[in-house]
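Here the structure comes first, spelled out in structure tokens, and everything after it is commentary.
Each value in this text was obtained by applying a stated rule to the coordinates, not by laboratory testing. Quick caveat: nothing in here was measured; it's all calculated off a predicted structure. Note that each Cβ is placed from the backbone with ideal geometry, even for glycine, and that neighbours are counted across all protein chains shown.
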There are 2 protein chains.
Amino acid sequence: MNKNDRFVKKITPKSVDFSRWYTEIIQKAELADYAPVKGMMVIRPPGYALWENIQQLLDKRIKESGHSNAYFPLLIPESYLQKEAEHLEGFAPEVAWVTHGGHEELEERLAVRPTSEAIIGTMYAKWIKSWRDLPVLINQWANIVRWEKVTRPFLRTTEFLWQEGHTAHETKEEAEKETLMILSLYKEAVETDLAIPVIEGKKTEREKFAGALETYAIEALMTDGKALQMGTSHNLGQHFSKVFNIRFEDRNQNLQYAWQTSWGVSTRLIGAVVMAHGDDSGLKFPPKVAPIQVIVIPISVGDWKETVLPSAQNVESVMKKAGLRVKLDDREEFTPGWKFSEWEMRGVPLRIEIGPKDIKEKQVIAVRRDNREKEAIPFNALSQRVPEILQKIQESMFEEALKFQRENTHELHNYEDFKAVIEAKKGFIKTLWCGDPACEEEIKEETMATIRAVLMEKEEEKIQGKCVHCQKPSKFLVIFARAY
Amino acid sequence: MNKNDRFVKKITPKSVDFSRWYTEIIQKAELADYAPVKGMMVIRPPGYALWENIQQLLDKRIKESGHSNAYFPLLIPESYLQKEAEHLEGFAPEVAWVTHGGHEELEERLAVRPTSEAIIGTMYAKWIKSWRDLPVLINQWANIVRWEKVTRPFLRTTEFLWQEGHTAHETKEEAEKETLMILSLYKEAVETDLAIPVIEGKKTEREKFAGALETYAIEALMTDGKALQMGTSHNLGQHFSKVFNIRFEDRNQNLQYAWQTSWGVSTRLIGAVVMAHGDDSGLKFPPKVAPIQVIVIPISVGDWKETVLPSAQNVESVMKKAGLRVKLDDREEFTPGWKFSEWEMRGVPLRIEIGPKDIKEKQVIAVRRDNREKEAIPFNALSQRVPEILQKIQESMFEEALKFQRENTHELHNYEDFKAVIEAKKGFIKTLWCGDPACEEEIKEETMATIRAVLMEKEEEKIQGKCVHCQKPSKFLVIFARAY
């Protein structure tokens with residue numbers, strides 16, 4: 001078998017079939033592969049390295065905002081899930097049930113956690129006694145299982161990885177403040193680290209987390225015009241504290257139920273990075289989270305191993321010392337041209353080429369993945385210039401995505417336009433809505449578009465008008481889209 | 001409720017009842033708590049922070065030795081586990097089985113992973129085609145479920161966290177080399193980071209991993225004289241590659257089965273840190289992995305908030321700048337004396353006290369947790385001196401543990417002595433063994449001691465003699481102990 005055959009460079013162009021492009025690029029770039037259990041995936045090293053980078057940056061933000069990590073059990077007794085009725089109803093169809101331990105049948109079924117409010121609530125009831133114990137600010141990195149019927153790698157899988165924050169507070173106001181602080185933290189993380197612009201908003205009753213008082217979310221637009229929910233932050237009110245009996249003695253010696261929040265982002269973010277930035281040549285990773293930020297490719301002509309390779313190795317070591325994630329591709333069995341395509345496909349933000357001519361001129365050629373701009377960089381400027389270019393790439397990728405989002409956000413107030421736009425161009429539709437769930441449901445049935453976000457608009461006049469569908473007086477300014 | 005009552009300082013002395021001391025200190029220091037499912041625990045923030053530090057240092061070592069992280073599914077079809085007969089037999093009594101997804105019964109039961117050889121072998125068969133694809137060097141950080149009858153926090157729990165490395169190689173020699181390289185890496189990590197000396201050795205058939213060709217392990221002696229297995233490294237030979245069909249075209253175009261290894265350490269290491277270093281006052285964390293390395297306690301007398309507190313805050317910020325994990329305990333409701341005991345109990349390696357007298361003399365008092373040595377440190381020497389002391393503590397803790405291990409390793413060749421020592425002093429018994437599993441079993445039944453390690457002794461004369469039990473010619477120099 002010829003190694004050149006191992007990576008079929010040809011992938012279905014994104015413009016031809018977005019969905020096929022997505023599943024093909026994920027497999028070819030070895031981000032993920034299908035596991036033998038339906039709907040489960042294996043996250044392969046390049047995909048996992050991306051996740052580790054996302055995780056590390058987010059974990060730092062979560063800790064800096066005062067939260068600590070902990071770990072709660074994977075298996076939750078059925079009776080605990082049943083305590084919050086709405087919560088159980090929301091999750092029951094998706095739960096994987098453990099019924100046997102070893103050779104024995106269990107007395108009570110155990111849920112493989114579909115989320116951890118029930119188990120964490122149980123523990124908080126044990127730990128929280130006084131207002132002095134509050135706030136409790138805990139986060140968990142964990143795997144989650146939800147029995148999904150239709151799956152797609154990273155976007156919707158039977159098992160996925162995530163972080164889930166669970167906090168408890170003295171007052172309603174504090175819980176609401178936490179919920180919104182986390183929403184901002186997520187927005188900042190996704191925009192800064194993943195270079196993906198998002199809109200923030202509240203969810204409607206229909207899209208709300210099962211058991212929450214309010215759900216807030218950040219939503220991004222993928223390059224096929226569909227929306228992807230990137231993270232959610234729930235104000236749980238006292239729903240869970242009442243059923244799990246999380247009570248504390250307040251400052252006036254009265255017993256009160258705690259106010260709670262929960263919030264999470266998942267490996268879905270990997271899918272977002274693929275869909276928000278990729279192109280026909282493959283992946284395009286933002287430098288901040290790219291597993292490899294710089295690929296060094298020696299131009300292998302003549303006696304390159306004696307002449308070019310030592311300089312290429314030197315470039316690699318200079319980049320490493322500059323704190324960058326760099327790789328030298330010195331394999332003999334591939335041509336430089338093949339390597340260029342390969343690493344473009346794998347999304348490396350910057351390629352450094354070095355050949356005999358460059359060595360004479362004491363320089364390298366740097367080529368940006370995002371816009372293919374070339375630049376000669378003198379050897380002695382490498383450790384200063386490369387980080388600058390990477391920063392530029394990060395910013396341009398965000399600008400590019402923001403431009404796309406703006407161009408594909410359609411403000412309109414007429415239902416015929418709504419239908420035409422959703423059908424022809426997709427994107428975000430910014431419009432007015434009456435607030436009636438029945439109306440929302442009708443729009444969904446007719447257009448497959450749902451309300452992604454109720455905008456947190458404070459100016460009264462901006463929400464006044466008529467509902468785009470039923471023409472009754474509007475109560476909310478919202479973003480509609482077809483969504484993943 | 002008075003906050004002073006929240007932490008009952010009194011714990012059962014270690015010397016009185018080691019087992020009670022262990023479970024009490026774990027709960028009082030908030031390392032873990034019991035979850036509602038039998039045998040499952042919650043790892044609370046201080047325990048999880050310890051794990052994160054252990055994990056971070058070990059992950060670095062694993063990556064530097066050429067391995068990448070990935071993530072494989074939690075649920076494994078029963079038929080995959082059944083492929084390797086010995087493996088299934090070993091794990092079947094401990095498997096938690098998922099039988100329902102949502103409201104539907106599954107066609108095939110799914111095991112909640114008790115270890116991942118089966119699922120990873122399945123994927124490797126898909127990925128490995130040629131010798132050019134080898135070696136495959138993958139590690140996974142994951143949760144594991146094993147249905148244990150008797151459990152104890154961190155040491156043996158129904159769910160635990162671990163890393164499991166899984167590699168595939170061209171030759172038997174390479175696989176053996178990897179197995180031993182990882183064994184050394186584990187020894188280095190545990191001795192350097194956790195300050196716990198270990199012995200390395202091979203496992204007997206009885207103690208071997210189900211499905212392995214050879215199992216190697218590192219074993220440490222806890223302060224109650226019992227042994228704890230700290231990590232294992234398995235040479236899997238071709239056992240799994242044959243049943244999962246992991247074949248590759250070798251350099252001569254022949255099809256060959258790959259040679260595999262697997263290896264892991266778990267949250268059990270947290271239990272080891274508690275048991276190897278703790279004392280009657282509580283935990284004693286090695287500085288390298290301590291969640292908090294330095295606790296700053298202002299002496300709260302008179303107008304301390306105006307006079308002492310600003311200096312204490314300054315000390316905290318100097319320590320932070322020096323890259324240390326520091327905390328200032330400026331709570332008003334506790335006395336300095338109470339805080340001293342509290343943070344000793346929680347294992348913080350170094351306490352810095354600062355009072356009015358110290359401020360006058362421009363110094364602080366540093367008190368070591370390990371030996372309670374006091375030292376005055378001038379303000380301007382803090383950022384240099386404190387890291388030095390922490391390094392000293394790390395080294396002394398290792399020396400102390402090594403001294404204990406040596407004093408409690410008994411070389412003997414008489415079975416009466418064996419029984420007397422095991423009963424009276426426990427510890428490691430270094431002796432000769434015939435190699436007969438029946439003899440090993442008899443010793444276990446009579447003394448509750450098992451062979452923890454077959455020493456990798458190369459000098460022939462050291463293994464020649466008579467078996468300590470049956471008096472037949474010996475084949476191995478081994479370490480016996482009662483073990484967790």
For this session: For helix A:415-424, report the angle its Cα long axis makes with the longest principal axis of the Cα atoms of chain A; keep it between 0 and 90° and round to the nearest 10°.
Result: 40 degrees
Exercise. Any idea what angle helix A:382-407 forms with the longest principal axis of chain A, computed on alpha-carbon atoms, 0 to 90 degrees, nearest 10?
Worked result: 50 degrees
Problem set entry | Simple spin-label estimate for A:Thr192 and A:Met448 in nanometres, 7 Å along Cα-Cβ | 3.7 nm
For this session: Classify chain A as rounded, prolate or oblate, taking a ≥ b ≥ c as the square roots of the eigenvalues of its Cα gyration tensor: rounded when a/c is under 1.5, otherwise prolate if a/b is larger than b/c and oblate if not.
Result: prolate
Problem set entry | Debye equation applied to the C-alpha atoms of region B:188-340, log10 I(q)/I(0) at 0.09, 0.10 Å⁻¹ | -0.54, -0.61
Exercise. Could you give the nm distance between label points at A:Ala420 and A:Val16, where each point is 7 Å from its Cα heading toward the beta carbon?
Worked result: 3.2 nm
Problem set entry | Estimated FRET transfer efficiency when R0 is 60 angstrom, pair A:Val301-A:Glu249 (beta carbons, to 0.05) | 0.15
Exercise. On average over all directions, what projected area in square nanometres does region B:110-244 have, based on the convex hull of its Cα atoms?
Worked result: 9.4 nm²
For this session: Please average, across the residues of A:143-150, the number of beta carbons from any other chain that are within 10 Å of each residue's own beta carbon, and give a whole number.
Result: 3
Exercise. Tell me, what are the semi-axes, in whole angstrom and largest first, of the equivalent ellipsoid of region A:47-107 as set by the roots of 5 times the Cα gyration tensor eigenvalues?
Worked result: 32, 17, 13
Exercise. For region A:6-65, what is the largest minus smallest coordinate of the Cα atoms on each principal axis, given in angstrom and ordered from greatest to least?
Worked result: 43, 29, 22
For this session: Considering Cα pairs under 8 angstrom that are at least six residues apart, work out the relative contact order of chain B and quote it in whole percent.
Result: 14 percent
Exercise. For region A:292-391, max minus min Cα coordinate along each principal axis, in Å, sorted largest first?
Worked result: 35, 29, 22
Exercise. Between B:Lys172 and A:Lys392, what is the FRET efficiency for a Förster distance of 45 Å, r being their Cβ-Cβ separation, to the nearest 0.05?
Worked result: 0.35
For this session: Can you list the distances in nanometres, one decimal and ascending, from the B:Lys444 label point to the identical position in each other copy, with the point 7 Å along Cα to Cβ?
Result: 5.8
For this session: Mind pulling the angle between the C-alpha long axis of helix B:309-321 and the longest principal axis of chain B? Nearest 10 degrees, somewhere in 0 to 90.
Result: 30 degrees
Exercise. Under 12 Å from the 7 Å Cα→Cβ point of A:Gln27, by amide nitrogen: which residues of region A:140-165?
Worked result: A:153
Problem set entry | Highest to lowest packing among A:151-159, B:115-123, scored as the average C-beta count within 10 Å | B:115-123, A:151-159
Problem set entry | Separation of alpha-carbon centers, region A:23-83 and region B:236-253, rounded to whole Å | 30 Å
Exercise. What does the average come to when, for each residue of peptide A:49-60, you count the partner chain Cβ atoms lying within 10 Å of its Cβ?
Worked result: 1
Exercise. If we count every other residue with Cβ under 14 angstrom of A:Gln55's Cβ, Lys/Arg +1 and Asp/Glu -1, where does the sum land?
Worked result: -1
For this session: At most 10 other Cβ atoms within 10 Å and a DSSP loop assignment: could you name the trypsin sites (Lys or Arg not before Pro) in region A:417-484 that fit?
Result: A:Lys458
Exercise. Which order results if B:Ser79, A:Ser383 are arranged by neighbouring Cβ count within 10 Å, fewest first?
Worked result: B:Ser79, A:Ser383
Exercise. Counting alpha carbon pairs within less than 8 Å and at least 6 residues apart, what relative contact order, in whole percent, applies to region B:409-481?
Worked result: 41 percent
Problem set entry | Using a 7 Å Cα-to-Cβ projection, A:Glu64 label spacings across copies, nm, ascending | 2.7
Exercise. Separation between the A:Ser341 and B:Ser79 pseudo-spin-labels, each 7 Å from Cα along Cα→Cβ, expressed in nm?
Worked result: 3.8 nm
Exercise. At q = 0.05, 0.06 Å⁻¹, what log₁₀ I(q)/I(0) does a Debye calculation on the Cα points of the protein assembly as shown give, no solvent, two decimals?
Worked result: -0.34, -0.49
Problem set entry | Cα-centre dipole for region B:292-391 with unit charges at Cβ (Lys and Arg positive, Asp and Glu negative), debye to 20 | 280 debye
Seminar exercise, completed: Taking B:177-183, A:201-207 and ranking on average Cβ neighbours within 10 Å, highest first, one gets B:177-183, A:201-207
Seminar exercise, completed: Output field shielding_mean for A:25-38 (other chain Cβ, 10 Å radius) holds 3
For this session: Kindly provide the Kirkwood hydrodynamic radius of region B:409-481 in Å, to one decimal, from all pairs of distinct alpha carbon atoms.
Result: 11.9 Å
For this session: May I ask you to evaluate 6.51 cos²θ - 1.76 cosθ + 1.60, the Karplus curve with θ = phi - 60°, for each residue of region A:174-182 and list the ³J(HN,Hα) values in order in whole Hz, giving x for glycine and proline?
Result: 5, 5, 5, 5, 4, 4, 6, 4, 5
Exercise. In nm, one decimal, shortest first: how far is the label point of B:Glu361 (7 Å from Cα along Cα to beta carbon) from the matching points in the other copies?
Worked result: 6.8
